[in-house]
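Trainee: Shown below is the structure under consideration.
The values are calculated or read from the model by the stated rules, or taken from the named source; none is laboratory data. None of these values were measured; they are calculated from a predicted model. We place every Cβ from the backbone using ideal geometry, glycine too, and count neighbours over all the protein chains shown. Ligands, DNA and RNA are stripped out before the accessible areas are found, and what is left, the full protein with its side chains, is counted by its heavy atoms. Shrake-Rupley method; radii C 1.70, N 1.55, O 1.52, S 1.80 Å.
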Amino acid sequence: MRSSGKMHFLSTGFATISLLLSVGGMADSSGLPPIEKLRYQEDYSELANRPPASCWPDCWKYIPLGNRSGRYLTIGGEVRQRYEYTDNPTFGEDEQDKHGVWLQRYSLLGDLHWNRHLRFFGQLTSALEAGRAAGPSPVDEDELEWQNAFLDLGRETRAGREATLRLGRQEMVLGSGRLVDVREGPNVRRTFDGGRGFVIDSRWRIDLLAARPRRDLRGVFDDDSNNNQALWGIYSVLQQPLPFPGDLDLYYLGYENEDSTYVQGTAHEDRHSLGARYWGEAGNWRWNWEALYQFGHFGQGDISAWTLATETTRRWQAVHLQPALKLSINVASGDSDPDDDDLGTFNPLYPRGNYFSEAAVFGPRNFYNFHVFLYLQPSEKLAFTTDLNLFWRLEKEDGLYSPSGQIVRGPNGSDNHFAFTALSLTAEYTFRRGLAFTAIYTHGNPEKFLREAGPSEDIGFTEITLQYRF
């Protein structure tokens, strides 16, 4: 980007920040449903029974179309301004950004409910970048594209269940996002092209899906489906099926990639995942435990991989600062012999982009870790988090991978497992509904494996974000 263009980019960003902070002084919205991670999950139909709102943006949430009951339009959007600076990217192996990176994301959505059986949802998003020394990555910049553009065909069965067929471009999150997620941390969120059908009962939900991920390109309306990859499967959620508290997810996911790369090499991958997730809360406890097994083919060899992920949280809501302590213990298989045809490395498919932290150094392949979080909430608007992550690789013949699956560091002859220690501090202040400011600092210390296998400078990551969703 030329200097004049960059100055215009930054001045636009600062002007946007000033506007967002002025929004923080406006009267807070009341009685509206929460803003969701997937914006199409928000339901404003109850506003039909209330007097019409007279102020922005509440008046955009239920716009009746004609005199027909149930026919209405919802308008919403997002403005996100983010500054990032990474000291010694990839432990000093990658090019250093001189002044950090400015990331902007803008979104505008329309949700048209034509009747009980027909719905159109569209969402335009623009993601812009300035300052990356090596130029923007695919998750940094996409000038203008349809983030969501789908049609819902729905009906209600005789048993009172809701059945929906969703066709088109759509964001997806399955479970807690360990395998399929929108990748909220990076500037460009992930989305898929395809179909999804689901049936919702009072105590269960079943989804069938077949889709391909969008191929993110930097221009205007130039993205298309990534025909090298495919995702399909069935995902079910059962509400308290056991004689004790907690819900249960059971699923099968199929995955194909014509050009998968591991330490072993690059080949065609067909992978099948069978998994279960047990999650819920009781009293002051909350838990999210998941296990799965993977099988299939990688080139001429067989795949046999697995993972176990746990999160357990204890809260003290009646205590000053409302502290909460979360312990996360996770392990995922690696490949023990890169010289044979078989592959043992776990593949998280399409996970969260900030899987372990916003610094997004590593992804969940060939590792085990202990991750401890302490949450404090001094007031309704202000929250603090500190977390410590100790990270090892599981198999010494395999390497470490990024959240997107790229090889961060090969084994390079090292026999050590201990790889990385990271300490993060996060502060979040919510001005009003939808408007939040976040500041994060992470210090990453390379341990024995990284020091033996290549560049091993300490990492310092700073992130400052102002986001407004309406």
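Trainee: Taking amide H positions as placed 1.01 Å from N in the peptide plane, with prolines and chain starts having none, which residues 5 or more places from PHE370, or on another chain, fall under 5 Å of its amide H?
Mentor: Amide H neighbours of PHE370, under 5 Å, 5+ apart: LEU390.
Trainee: Given the C-alpha centroids of segment 256-282 and segment 344-409, what is the distance between them in whole angstrom?
Mentor: Segment 256-282 and segment 344-409 have Cα centres spaced 16 Å from each other.
Trainee: Here's something else I'd like to know. Can you tell me the accessible area per residue over the chain, all protein chains present, probe 1.4 angstrom, in square angstrom?
Mentor: 46 Å²
Trainee: Highest mean first, what order results for 344-355, 373-384 on Cβ atoms within 10 Å?
Mentor: 344-355, 373-384
Trainee: Over 30 Å between Cα atoms: which of LYS381/LYS448; LYS61/LYS326; LYS326/LYS448; LYS326/LYS381 fall into that group?
Mentor: Listed pairs above 30 Å: LYS381/LYS448; LYS61/LYS326.
Trainee: Another question, then. Report the local net charge at GLN377: Lys and Arg +1, Asp and Glu -1, summed over other residues whose C-beta lies under 12 Å from its C-beta.
Mentor: 0
Trainee: Give the residue from THR385, GLY413, VAL372 lying farthest towards the positive end of the charge dipole for segment 320-470; charges sit on Cβ (+1 for Lys and Arg, -1 for Asp and Glu) and the dipole is referred to the Cα centre.
Mentor: So the residue furthest toward the plus end is THR385.
Trainee: Then there is this: Could you compute the FRET efficiency for ASP259 and GLU95, with r as their C-beta to C-beta distance and R0 at 25 Å, rounded to 0.05?
Mentor: 0.50
Trainee: Follow-up question, since we're still on this one. Please give the length that would be gained between LYS381 and GLU46 if that part of the chain were fully extended, namely 0.36 nm times their separation in residues minus their C-alpha to C-alpha distance (nm, one decimal).
Mentor: 117.9 nm
Trainee: Sorted by accessible area with a 1.4 angstrom probe, largest first, how do ARG190, ARG212 fall?
Mentor: Correct descending sequence by accessible area is ARG212, ARG190.
Trainee: Can I ask one more? Using the Cα centre of segment 296-387 as the reference point, and only Cβ charges (+1 on K/R, -1 on D/E), how large is the resulting charge dipole? Debye, rounded to the nearest 20.
Mentor: About 920 debye.
Trainee: If you don't mind, there's one more thing I want to ask. For SER225, SER414, give the ranking by accessible area with the largest first, probe 1.4 Å.
Mentor: SER225, SER414
Trainee: To make sure I understand the rule: partners must be aspartates and glutamates, Cα under 18 Å from the Cα of LYS396, and not fewer than 8 residues away in the same chain. Which ones qualify?
Mentor: ASP335, ASP337, ASP339, ASP340, ASP341, ASP342, ASP415, GLU447, GLU452
Trainee: Hey, another quick one. Mind checking the full-extension length gain between ILE329 and GLN240? Use 0.36 nm per residue of separation minus the Cα-Cα distance, one decimal, nm.
Mentor: Between ILE329 and GLN240, full extension yields an extra 29.7 nm.
Trainee: Per DSSP H run of n ≥ 4, the term is -39500 (n - 2.57); total these for the chain, divide by its residue number, and report the mean residue ellipticity at 222 nm rounded to 500 deg cm²/dmol.
Mentor: Helix-only estimate at 222 nm: -2000 deg cm²/dmol.
Trainee: Sketch the reach of a paramagnetic label on HIS272 as a point 7 Å from Cα along Cα-to-Cβ, and name the residues of segment 138-176 whose backbone nitrogen lies under 11 Å away.
Mentor: none
Trainee: Counting only the heavy atoms of the protein chains, how much of TYR441 is accessible to a 1.4 Å probe, in Å² to the nearest 10?
Mentor: So the heavy atoms of TYR441 present about 100 Å² to solvent.
Trainee: Hey, another quick one. Could you give the nm distance between label points at ARG215 and ARG116, where each point is 7 Å from its Cα heading toward the beta carbon?
Mentor: The modelled label-to-label distance comes out at 4.3 nm.
Trainee: Using the Kirkwood formula over every pair of different C-alpha atoms, what hydrodynamic radius in Å results for segment 244-316?
Mentor: Computed over segment 244-316, the radius equals 14.3 Å.
Trainee: Another question, if that's okay. For a quick check: with amide H placed at 1.01 Å from N, whose amide H comes under 5 Å from ASP247's, ignoring anything fewer than 5 positions away on the same chain?
Mentor: Here the answer is GLN240, TRP279, GLY280, since their amide H atoms fall under 5 Å of that of ASP247.
Trainee: Pop a pseudo-label 7 angstrom from the Cα along the beta-carbon direction at both ALA133 and ASP340 and give the gap in nm to one decimal.
Mentor: Here the answer is 4.2 nm between the modelled labels.
Trainee: How much of the accessible area of the chain, in percent, comes from carbon and sulfur atoms when a 1.4 Å probe is used?
Mentor: Percent of accessible area from carbon and sulfur atoms in the chain: 56.
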